[in-house]
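Asker: Have a look at this one before I ask anything.
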Amino acid sequence: MPSKSTEAPPLPEPLAVPVADSHTHLDMQEGTVQAAVAKAASVGVTTLVQVGCDLDGSRWAADTAERYENIWATVALHPNEAPRIVHGDPDGWSRQGARQPGGQAALDAALDAIDALAALPQVRGVGETGLDYFRTGPEGVEAQQYSFRRHLDMAKRHDKALVIHDREAHADVLRILDEEGAPDTVVFHCYSGDAGMAKLCADKGYYMSFAGNVTYKSAQDLRDAVGVAPLELLLVETDAPFLTPVPYRGRPNAPYLVPVTLRAMAAAKGVTEDRLAAAIGANTARAFGY
């Protein structure tokens, strides 16, 4: 029998108004894609956005979105993947296993391959890209910023949403968006800023997608951000199998747990769950063009 920490959380009460999980990693979750789609749909999560983090994962996302009517894909090199490609990973900082350094040529080749995937019709976003200064040391910043600029250009050329991973890098992410000129659609995945940054994002028309960490006791900043973000710019996501919402924190996350996070967001926003779900359903379809 599985232990409590590995056991899947129970099904939440279904939503009356269907929504999408704007950011999930089905390739990192237990079970089949078909089962994940069915379980999510049973609680009102009827659309999934499968997100690529490296070249193999992006190819998998595009292939999976081609096969399933209610799955769309995004493709990218994660911010931590860019320095891994250039410098390798001799000391295990990335937790991804040994990697030989490939230099700038290897990064450019990988980015060219992502660019080709970004042109596919079932691929509705370029991401997750951005900056992550938490795990990559100072020597990785140049590769990350170069990769982010290349992804930004792809999103504009292919007219796809730009899906941003921003960890401990708010100022540089916003600066590079300004310097390069943001694409028409920008999504801050797993929004991690405060209410002040939410106002800046709102002024620019950037979508803010909230994950299960909005339910954590320590995350009052995130709940404050939900409170000030305009209804028409809010999205919800799982980032599954990560960031499982309370009271299931520490157990595996999956798209069917979106209702738990959405209900916490509705409470922070002071609106009914049906009103928030209706807005989020429309926002996600608009952001990803489906």
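Asker: How big is the stretch 1-110 by the Kirkwood estimate over distinct Cα pairs, in Å?
Answerer: After inverting the mean inverse Cα-Cα distance, the result is 16.0 Å.
Asker: What is the percent carbon and sulfur in the accessible area of the chain, measuring with a 1.4 Å probe over the protein chains and ignoring ligands? Write down the numbers at each step before the final one.
Answerer: On the way: 6370 of 12110 Å².
On the chain, the fraction of accessible area on carbon and sulfur atoms equals 53 percent.
Asker: By how many degrees, 0 to 90 and rounded to 10, does the Cα axis of helix 170-180 deviate from the longest principal axis of the chain?
Answerer: Rounded to the nearest ten degrees, it is 60.
Asker: Let me ask another. Express in Å², to the nearest 10, the accessible area of S192 obtained by rolling a 1.4 Å probe over the protein heavy atoms while all chains stay in place.
Answerer: About 50 Å², rounded to the nearest 10.
Asker: To the nearest 20 Debye, how big is the dipole of the stretch 1-63 about its Cα centre, given +1 on the beta carbon of each Lys and Arg and -1 on that of each Asp and Glu?
Answerer: Numbers: 3 positive and 8 negative charges, 34 e Å.
For this selection, approximately 160 debye.
Asker: OK, next. Any lysines with Cα under 24 Å of the K269 Cα? List them, leaving off those in the same chain fewer than 8 positions away.
Answerer: Candidates past the 8-residue exclusion: K199, K204, K217.
Asker: Shifting gears a bit: Once you have all Cα-Cα distances for the stretch 215-290, histogram them in 5 Å bins from zero and send the whole-percent values.
Answerer: The percentages, shortest bin first, are 3, 16, 26, 24, 21, 8, 2.
Asker: Mark the label point 7 Å from the Cα of R249 along Cα→Cβ and return the residues of the stretch 184-203 whose backbone N is within less than 20 Å of it.
Answerer: 190-195
Asker: Kirkwood Rh over alpha-carbon pairs of the stretch 187-238, then Stokes-Einstein at 37 °C and 0.692 mPa s: what D in µm² s⁻¹, rounded to an integer?
Answerer: Values: Rh = 10.5 Å.
Translational diffusion coefficient: 312 µm²/s.
Asker: A further question follows. Once every DSSP H run of n ≥ 4 in the chain is given -39500 (n - 2.57) and the sum is divided by its residues, what mean residue ellipticity at 222 nm do you get, rounded to the nearest 500 deg cm²/dmol? The partial results should precede the final answer.
Answerer: Numbers: 10 runs with 121 residues, N = 290.
Calculated from helices alone, the mean residue ellipticity at 222 nm is -13000 deg cm²/dmol.
Asker: Give me log10 I(q)/I(0) at q = 0.20, 0.21, 0.24 Å⁻¹ for the stretch 160-247, Debye formula, one equal scatterer per alpha-carbon, no solvent.
Answerer: Those come out to -0.92, -1.01, -1.29, one per q.
Asker: If one takes the longest principal axis of the Cα atoms in the chain, at what angle in degrees, from 0 to 90 and to the nearest 10, does the Cα axis of helix 55-67 lie?
Answerer: 40 degrees
Asker: Just flag the trypsin sites (Lys or Arg not before Pro) in the stretch 157-261 sitting in loop per DSSP whose Cβ has no more than 14 other Cβ atoms within 10 Å.
Answerer: Working: sites: R157, K160, R167, R175, K199, K204, K217, R223, R249; in loops: K160, K217, R249.
Counting only loop positions with at most 14 other Cβ atoms within 10 Å, the trypsin sites (Lys or Arg not before Pro) in the stretch 157-261 are K217.
Asker: Okay, next question. To the nearest 10 degrees, how steep is helix 103-118 against the longest Cα principal axis of the chain, on a 0 to 90 scale?
Answerer: With rounding to tens, the tilt is 40 degrees.
Asker: Near P245, within a Cβ-to-Cβ distance under 15 Å, what is the net charge of the other residues, with Lys and Arg +1 and Asp and Glu -1? All intermediate terms of the calculation are to be shown ahead of the outcome.
Answerer: On the way: positive: K217, R223, R249, R251, R263; negative: E13, D21, E237, D239, E273.
Once all neighbours under 15 Å are counted, the net charge is 0.
Asker: Separate question: I want to verify the translational diffusion coefficient of the stretch 221-262 in µm²/s; compute it with Stokes-Einstein, Rh as the Kirkwood radius over Cα pairs, at 4 °C and 1.567 mPa s.
Answerer: On the way: Rh = 11.2 Å.
It comes out at roughly 116 µm²/s.
Asker: Right, another one. Using a probe radius of 1.4 Å on heavy atoms only, what accessible surface per residue do you get for the chain? Whole Å² is fine. Walk me through the intermediate numbers first.
Answerer: Numbers: 12110 Å² over 290 residues.
Ligands and nucleic acids excluded, the figure is 42 Å² per residue.
Asker: Determine the dipole magnitude for the stretch 1-125: charges of +1 sit on the beta-carbon of Lys and Arg, -1 on that of Asp and Glu, nothing else is charged, the reference point is the Cα centre, and the result goes in debye to the nearest 20. Intermediate results must be reported in sequence, preceding the final value.
Answerer: Details: 8 positive and 16 negative charges, 42 e Å.
Here the stretch 1-125 has a charge dipole of around 200 debye.
Asker: GluC sites (Glu not before Pro) within the stretch 39-107: which are DSSP loop residues with at most 14 other Cβ atoms inside 10 Å? Mind showing how you got there, number by number?
Answerer: Details: sites: E66, E69, E81; in loops: E69.
Sites meeting the loop and neighbour criteria: E69.
Asker: Here's a follow-up. Could you pull out the trypsin sites (Lys or Arg not before Pro) across the stretch 1-62 that fall in loop regions by DSSP (anything but H, G, I, E, B) with no more than 12 other Cβ atoms inside 10 Å? Display every interim value, and only then the final one.
Answerer: Working: sites: K4, K39, R59; in loops: K4.
When the trypsin sites (Lys or Arg not before Pro) of the stretch 1-62 are filtered for loop state and at most 12 Cβ neighbours within 10 Å, K4 remain.
Asker: Kirkwood hydrodynamic radius, computed over distinct alpha-carbon pairs, for the stretch 137-178: how many Å, to one decimal? Write out the running numbers ahead of the final one.
Answerer: Working: mean 1/r = 0.0909 Å⁻¹.
Computed over Cα pairs of the stretch 137-178, the Kirkwood hydrodynamic radius comes out at 11.0 Å.
Asker: Dipole magnitude of the chain about its Cα centre, charges +1 at Lys/Arg Cβ and -1 at Asp/Glu Cβ only, in debye to the nearest 20?
Answerer: On the way: 26 positive and 38 negative charges, 144 e Å.
That gives a dipole near 700 debye.
Asker: Next up: Report the label-to-label distance for K204 and D27 in nanometres (one decimal), using points 7 Å from each Cα along the Cα→Cβ vector.
Answerer: 2.7 nm
Asker: Let me know the whole percent of all Cα-Cα pairs from the chain that are separated by more than 34 Å. Present the calculation step by step, with values, prior to reporting the outcome.
Answerer: On the way: 5996 of 41905 pairs.
When all Cα pairs of the chain are counted, 14 percent exceed 34 Å.
Asker: Can I ask one more? Using 7 Å Cα-to-Cβ label points, what is the D194/E232 separation (nm, one decimal)?
Answerer: Placing both labels 7 Å beyond Cα along the Cβ direction yields 2.8 nm.
The values are calculated or read from the model by the stated rules, or taken from the named source; none is laboratory data. Quantities reported herein were computed from a predicted structural model and do not represent experimental measurements. Quick reminder, even Gly has a Cβ in these numbers, built from the backbone with ideal geometry, and neighbours come from all protein chains shown. These area figures cover heavy atoms from the full protein model, side chains too; ligands, DNA and RNA do not enter into them. Shrake-Rupley method; radii C 1.70, N 1.55, O 1.52, S 1.80 Å.
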